[in-house]
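Chemist: The structure under discussion is supplied below as structure tokens; questions concerning it will follow.
Coordinate-derived values only; no laboratory data. Note that this is a predicted model, so its numbers are computed, not measured. For neighbour counting, all protein chains shown are included, and Cβ atoms are generated from backbone atoms with ideal geometry for every residue, glycine included.
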Amino acid sequence: MLRYSWWAVAVIVIDQITKYWAVRELAMQPPIDLLPFFSLTLVFNTGAAFGLLSDSGGWQNVFFIVVAVVISIVIIVNLYRMQHRQVQSAIALSLILGGALGNVIDRAWRGYVVDFVDLYYQVWHWPAFNVADAAITVGAILLIIDSMGIRLFGPPIIDDPDW
């Protein structure tokens, strides 16, 4: 199932291109409102999801890099061991892998993760995120859907030995 790893590569490439654009175009700019609930605003996140541990003095960057690399290795091993009919799980894990590595690149290169997508309703804002974060979320949702036996990708769940 490593043949689905191109999803991870695509996520990394798109993530890094959009982050490069965000740093270049959004620096020193006020948020750019695109829709009444969506804007682009540059945020440098030294913490984890939702800025968790962002004010912990710097040790968290190395910790998050190590955790993401370990998780990435586990995902690659799982992709290698998957059966050919586990398409949805392979795509989901590849999305998570690409997102994790996209954010690892930021942490290793910049010392923080570049976030720029801001979703909100009136004064309530969801924490800013990026393409890598979105890929991780979609991958996790696909895994949950897959665990419920719902197939959006790949062969149906049947006991046909020809699959």
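Chemist: Simple spin-label model, 7 Å along Cα-to-Cβ: L152 to V66 in nm?
Modeler: Label-label distance for L152 and V66, simple model: 3.5 nm.
Chemist: Order these by the 10 Å Cβ neighbour count, fewest first: W21, W7.
Modeler: Listed from fewest to most nearby Cβ atoms, that is W21, W7.
Chemist: For region 66-163, what class follows from the C-alpha gyration tensor (a ≥ b ≥ c being the square roots of its eigenvalues): rounded when a/c is under 1.5, otherwise prolate if a/b is larger than b/c, else oblate?
Modeler: Oblate, since a/c reaches 1.5 and b/c is not below a/b.
Chemist: Using the Kyte-Doolittle scale, which helices in the chain average at least 0.0 and also have C-alpha atoms spread 30 Å or more along the helix axis, with helices defined as whole DSSP H runs?
Modeler: Span-like helices here: 59-81, 87-109.
Chemist: Which shape class applies to region 83-134: rounded if a/c is under 1.5, otherwise prolate when a/b exceeds b/c and oblate if not, where a ≥ b ≥ c are the square roots of the Cα gyration tensor eigenvalues?
Modeler: Oblate is the answer for region 83-134, as a/c is 1.5 or above yet b/c matches or exceeds a/b.
Chemist: Under the rule of -39500 (n - 2.57) per DSSP H run of 4 or more residues, summed and divided by the residues of the chain, what mean residue ellipticity at 222 nm is obtained, to the nearest 500 deg cm²/dmol?
Modeler: Computed mean residue ellipticity for the chain: -18000 deg cm²/dmol.
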